[in-house]
Amino acid sequence: MTVPAVPAGSVRIFDTTLRDGEQAPGAGLTAAEKLEVARQLARLKVDVIEAGFPAASPGDFEAVRRIAQETKGGIAVAALARCRDGDPQRAVEAISIAERPHLHVFIATSDIHLKHKLRLSRDEALAEAVRWVAYGRKALGPDAEIEFSAEDASRTDTDFLLQVYGAVVEAGASTVNIPDTVGYAIPAEFGKLTKRVVDLVGSDATVSVHCHNDLGLATANTLAAVQAGARQVEVTVNGLGERAGNASLEEVVMALRTRPTQFPKLGSAVQTEQISAASRLVSYLTGFTIQPNKAIVGGNAFAHESGIHQDGVIKNPLTYEIMTPQSIGLAGSQLTIGKLSGRRGLQGKLRELGHDVEGEALDAIYRQAIALADAKKEVTDLDLLALVEQRVSEVPASVELVGWSVTSSHGGNATGSVTLTVRGEDRSAEATGNGPVDALYSAVDQALQPVFGWRPVLTEWEIKAVSAGEDAQGQVLVRCRRSSDEGPGALVVSGHGLSTNIIEASIEGYLVAVNKLHGAEINGVDVAFVGRRTAEDLP
Ligand code: KIV
Ligand code: ZN
């Protein structure tokens, strides 16, 4: 086996936003959106991008394959597989074109999972683990990374766990991962467990940890494990993930960077200045807003409200700031573009903000930015980022807006009318509602129902101002499902609208969601939405 070890003095950052993060209910991404996130993770310079779970759906397979094909610059692309015939083969097929393929196989090892979920004995689970690690090593060759995860490791009998890790390393695993699958561990205890695994495998394999946040301890457990010798950490942007989420990339990376004496001579290659852009993109595309007091990336993370704090920060930022906003790529919102700005200036500005945009996409954003400069006093960095994000989530449109009008007054119902083109045909409808948005959404529903046989059902609606000021653009997030698709497994999609007119933004967001639902209907849900899991017993 010639797999390169994690270089001394560094911790490998394994990002699983596109796999474990995307398993968060309602976070489903299209293949194009997944690719966009992978590009941002590459700019962030994580070491490994876990791109998905190829056996879960044809869409996920295709997204992993495309990410594997596109990702260069020494970044590995990982795919997850159960230790079950069919899964590892599919994962290998998806990542074998990668510059650095990384196969990640897993099986549960705790008695609770073995007895109630897998109905396997310990010996049977051990045999499956060894079998599929050996398969991966043979299929991908001596240079590939083969990772084995013992699902629910923190609730597994320690002697059995060590027996499994020893056997899989013997069979060719180059990384052994310790998942705290249900977020049960406590830092000192998790550090001790990690140390036992590190002592067992020595220099034969890298020890990795994968912590969930059910007790709010995912970051603490991850850092305790690093202090105990783990050299790979599995994390997600914004801590996205099922239930309470996973250890957050930005918290772990910034802790390593801010407290070097606690992690002597350990660093990561992550370009922390890209953290803010990554956080925004993931939040936007998944529709998971970030709580204001979220560490590192929350809106208030660098805001100082109290007089004493403000005074201290003005005198010297070190009084209350342990890291700078610039270190995560927050330069503050600045005036960036006016009516006389050129395309090249815009392109340079977008590059500074972490987005390489050219050709038609640049032309479109340029036109929108100039129109925006007419509608509001200042076009800021945040406005430009919102325009870029809006483009990223564009979907093929079977339904387009031609026009709308609405009347609404204090204490009364609103009446709205819309004209749409639906699959190339003009359709108009009028409806009343208890407010302007409700009336217009009802009118859209009426126009669509006879053609599609279903109407969109709104499950969530949220608005935020993109920047400060009364003339700010409003960004509306809409989540919808089809009226014909009910129950816990129903596909829920998100759509965003962006405009200085919040009614316009509301209709735009609704129609993006409608187009996604329609796309899923005609292409098949598992193809359109890569994160839709079809298997029942996924981690
Ligand atoms: O939480 C978990 O156990 C996982 C494994 C597949 C690593 O996500
Ligand atoms: Zn997990």
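The values are calculated or read from the model by the stated rules, or taken from the named source; none is laboratory data. Nothing here was measured: the structure is a model prediction, and the numbers come from that model. So basically every Cβ, Gly included, is an ideal-geometry build from the backbone, and we count neighbours across all protein chains shown. Calculation scope for accessible area: heavy atoms of the full protein, side chains included, ligands and nucleic acids excluded. Shrake-Rupley method; radii C 1.70, N 1.55, O 1.52, S 1.80 Å.
Things worth noting here:
- Subset of segment 212-238 [within 22 Å of Ser327 (Cα to Cα) and open to solvent by 10 Å² or more (accessible area, probe 1.4 Å)]: Thr219, Ala220, Leu223, Asn238
- Qualifying residue in segment 33-56 (condition: at pLDDT 90 or above, among the basic types (Lys, Arg) and open to solvent by less than 10 Å² (accessible area, probe 1.4 Å)): yes
- Scan of segment 274-292 for residues that are more than 13 Å from the chain's Cα centre (by Cα) and over 13 Å from Leu249 (Cα atoms), ordered by number: Gln291, Pro292
- When segment 144-166 is filtered for residues that are more than 30 Å from the chain's Cα centre (by Cα) and charged (D, E, K, R), the ones remaining, listed by number, are Asp157, Asp159.
- Candidate set: segment 178-211, residues that are touching a Gly at 6+ places or on another chain (Cβ under 7 Å) and away from ligand 1 (no atom under 16 Å from the Cβ); chosen: the one least open to solvent (accessible area, probe 1.4 Å): Val198
- Here the condition is being under 22 Å from Leu249 (Cα atoms), of a type outside the set (A, V, I, L, M) and either open to solvent by less than 10 Å² (accessible area, probe 1.4 Å) or within 16 Å of ligand 2 (Cβ to nearest atom) (or both); of Pro25, Pro101, Pro7, Pro88, it holds for Pro25 alone.
- Close pairs from segment 413-434: first closer than 21 Å to Lys516 by Cβ, partner open to solvent by 30 Å² or more (accessible area, probe 1.4 Å) and of a type in the set (D, E, K, R), Cβ under 7 Å, at least 6 apart: Leu420/Glu400; Leu420/Arg427; Thr421/Glu400
- Look at segment 197-217: where a residue is within 16 Å of ligand 2 (Cβ to nearest atom) and a partner is open to solvent by 60 Å² or more (accessible area, probe 1.4 Å) and at pLDDT 95 or above, sitting 6+ places away or on another chain with Cβ atoms under 8 Å, you get Ser208/Arg231; Asp214/Tyr184; Leu215/Tyr184; Leu215/Ile186; Leu217/Ile186.
- In segment 346-361, the qualifying residues are those that are open to solvent by 50 Å² or more (accessible area, probe 1.4 Å) and in a helix (DSSP H, G or I), and the one that is nearest to Ala371 (Cα to Cα) is Glu360.
- Hits in segment 362-380 (condition: open to solvent by 20 Å² or more (accessible area, probe 1.4 Å), modelled with pLDDT under 85 and not charged (D, E, K, R)): Ala375
- Given (1) surrounded by 15 or more Cβ atoms within 10 Å (Cβ to Cβ); (2) touching a residue at least 40 places away in the same chain (Cβ under 8 Å), number of the condition Gln446 does not satisfy: (2)
- Considering the conditions (1) in contact with a strand residue (DSSP E or B) (Cβ under 8 Å, 6 or more places away or on another chain); (2) basic (Lys, Arg); (3) more than 30 Å from Gly166 (Cβ to Cβ); (4) surrounded by fewer than 16 Cβ atoms within 10 Å (Cβ to Cβ), Lys72 is excluded by exactly one of them, (1).
- Sub-9 Å Cβ pairs linking a first residue in segment 237-257 that is more than 23 Å from Glu273 (Cβ to Cβ) to a second residue that is within 15 Å of ligand 1 (Cβ to nearest atom) and assigned to a strand (DSSP E or B), at least 6 apart or interchain, are Gly241/His212; Glu242/His212; Arg243/His212; Ala244/His212; Gly245/His212; Gly245/Thr236, ordered by first then second residue.
- The residues of segment 276-290 that are touching a Gly at 6+ places or on another chain (Cβ under 6 Å) and assigned to a loop (DSSP other than H, G, I, E, B) amount to a single one, Ile290.
- When Glu273, Glu242 are checked against the criterion of being within 16 Å of ligand 1 (Cβ to nearest atom) and either surrounded by fewer than 24 Cβ atoms within 10 Å (Cβ to Cβ) or in a loop (DSSP other than H, G, I, E, B) (or both), a single residue qualifies: Glu242.
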